[in-house]
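*Asks:* One structure follows; several queries about it will come next.
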Amino acid sequence: VQLVESGGGLVQAGGSLRLSCAASGLTFSTYAMGWFRQAPGKEREFVGGISRFSTTTYYADSVRGRFTISRDNAKNTGALQMNSLKPEDTAVYYCAVKLGNVRDVSLEYTHWGQGTQVTVSS
């Protein structure tokens, strides 16, 4: 099983980035997908998630209305569209998958990507 994130980078405050997560080695539609982030010196936090067939999405309060999560099971990919970025969004972003429902508990996720750095300058 492999998850590979891409799309991170440096952006000015107010800008946008789109992160992608490519999955292989698993039946992607079997898994709920979550996005997490970890800033320096802070614990990993839940950003949001999407159910197996995109029927439900979940967002942390800090990103709701600015970030959008999607997935394409036919292509085994997920995405995190980030708009109106703020300096406090600076972190390494991870995609992860788990069986069952989306949860905000990182320990429940069984497979993780390597992470991609997002840096938002003020």
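*Asks:* Which whole-Hz ³J(HN,Hα) couplings does the range 63-76 yield from phi under the Karplus relation 6.51 cos²θ - 1.76 cosθ + 1.60, θ = phi - 60°, glycine and proline marked x?
*Replies:* Computed from phi, the couplings for the range 63-76 are 10, 4, x, 10, 10, 9, 9, 9, 8, 10, 5, 5, 9, 6 Hz.
*Asks:* Using amide H atoms built in the peptide plane, which far-off residues or other-chain residues are under 5 Å from Gly115 H to H?
*Replies:* Residues meeting the criterion, in which the H sits 1.01 Å from N, are Glu5, Cys95.
*Asks:* If I model the chain as equal point scatterers sitting on the Cα atoms and use the Debye formula, what is log10 I(q)/I(0) at q = 0.11, 0.16 Å⁻¹?
*Replies:* -0.31, -0.67
*Asks:* From the backbone phi of the range 49-56, what are the Karplus-calculated ³J(HN,Hα) couplings (6.51 cos²θ - 1.76 cosθ + 1.60, θ = phi - 60°) in whole Hz, Gly and Pro given as x?
*Replies:* Per residue, the Karplus-derived 3J(HN,Hα) values read x, 9, 6, 4, 10, 6, 6, 9 Hz.
*Asks:* Next question. Pop the C-beta distance of Val105 and Phe53 into the FRET formula with R0 = 25 Å and round what comes out to the nearest 0.05.
*Replies:* 0.70
*Asks:* Right, another one. If I model a spin label as a point 7 Å beyond the Cα along the Cα-Cβ vector, how far apart are those points for Asp72 and Leu26 in nm?
*Replies:* 2.0
*Asks:* Identify, among Ala22, Ala74, Val118, the residue whose Cα sits farthest towards the positive end of the charge dipole of the chain, taking +1 on the Cβ of Lys and Arg and -1 on the Cβ of Asp and Glu, with the dipole about the Cα centre.
*Replies:* It is Ala74, whose Cα lies furthest towards the positive end.
*Asks:* Whenever you get a sec, compute what percent of the accessible area on the chain sits on carbon and sulfur atoms (1.4 Å probe).
*Replies:* Percent of accessible area from carbon and sulfur atoms in the chain: 48.
*Asks:* Per 0.36 nm of contour for each residue apart, how much would the distance between Asn83 and Ser121 grow if the chain were fully extended, relative to their Cα-Cα spacing?
*Replies:* 12.3 nm
*Asks:* Pick out which of Val47, Val97, Val11 has the largest mean-square fluctuation in a Gaussian network model of the chain, springs linking Cα atoms closer than 10 Å.
*Replies:* Val11
*Asks:* Near Lys86, which aspartates and glutamates are there with a Cα under 17 Å away, not counting those fewer than 8 places off in the same chain?
*Replies:* Reachable aspartates and glutamates: Glu45, Asp61.
The values are calculated or read from the model by the stated rules, or taken from the named source; none is laboratory data. No experiment lies behind these values; they were computed from the predicted model shown. No Cβ is skipped: glycine too gets one built from the backbone with ideal geometry, and neighbour counts run over all protein chains shown. Calculation scope for accessible area: heavy atoms of the full protein, side chains included, ligands and nucleic acids excluded. Shrake-Rupley method; radii C 1.70, N 1.55, O 1.52, S 1.80 Å.
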